[in-house]
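The values are calculated or read from the model by the stated rules, or taken from the named source; none is laboratory data. Owing to the predicted nature of the structure, the values given are computational and were not obtained by experimental measurement. Cβ sites come from the backbone with ideal geometry, for glycine too, and all protein chains shown count toward neighbours.
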Amino acid sequence: MSQNERRAEVAILRAQDEYPQIGSRDQAYTQIVTPIASPMHSGIDGSGWRVTSSGDLSYYLKLYEDDTAEFLDLHTSFKAAAAAASGGVAPRLLWNSESLRAAIWEEKIEPWRTATFDDSWNPEIFPQVATCLRQLHGRPGRVPGRGVGSDGEAVREARPQGAL
């Protein structure tokens, strides 16, 4: 069993203890997303797992890579994920653990699907994405000028002279 498989099992068991609605102990899990490089400054920053249980329930488990800790504020990220879900623009965050660097979301089925780069050019999809982004960023509690997990001023000040 790999280290990531052990992490997935620990996260699933902890989630079941803390949030029993996730399902029974007779669950199966399959890795569906693998980090492509780490540390990542964009892109895939952790491994993704499909967790299925009896009753045909399925969830998405994300295990964040340890070396993302320096630039990814999970507390803020989890708050943003919950806000996006409550606004109807993202799946519902069911459980999270900063100490395990893990989170479980409900797995969306059709008509939901993962966005692709090509969607940004699709004249039927792009306006929907823009509406969702306006809806998300206009929600109460958002701190203007702050991105999830970073302080924009600190990032700008830390840039080397002459960098964009």
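For this structure, a couple of remarks:
- One residue stands out among those in region 44-59 that are at pLDDT below 80 and either closer than 19 Å to ARG6 by Cβ or of a type in the set (Ser, Thr, Tyr) (or both): the one that is surrounded by the most Cβ atoms within 10 Å (Cβ to Cβ), which is SER53.
- Exactly one residue out of ALA80, ALA69, ALA103 is under 22 Å from VAL129 (Cβ atoms) and of a type in the set (A, V, I, L, M), and it is ALA80.
Yes/no matrix, rows are residues, columns are (1) surrounded by fewer than 19 Cβ atoms within 10 Å (Cβ to Cβ); (2) modelled with pLDDT of 85 or more; (3) outside any loop (DSSP other than H, G, I, E, B); (4) under 16 Å from the mean Cα position of the chain (by Cα):
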position	(1), (2), (3), (4)
SER24	yes, no, no, no
GLN31	yes, yes, yes, yes
SER42	yes, no, no, yes
LEU61	no, yes, yes, yes
GLU70	yes, no, no, no
SER77	yes, yes, yes, yes
SER99	yes, yes, no, yes
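- Residue count, region 79-97 (criterion: of a type outside the set (Gly, Ala, Ser), assigned to a helix (DSSP H, G or I) and crowded, with 17+ Cβ neighbours inside 10 Å): 0
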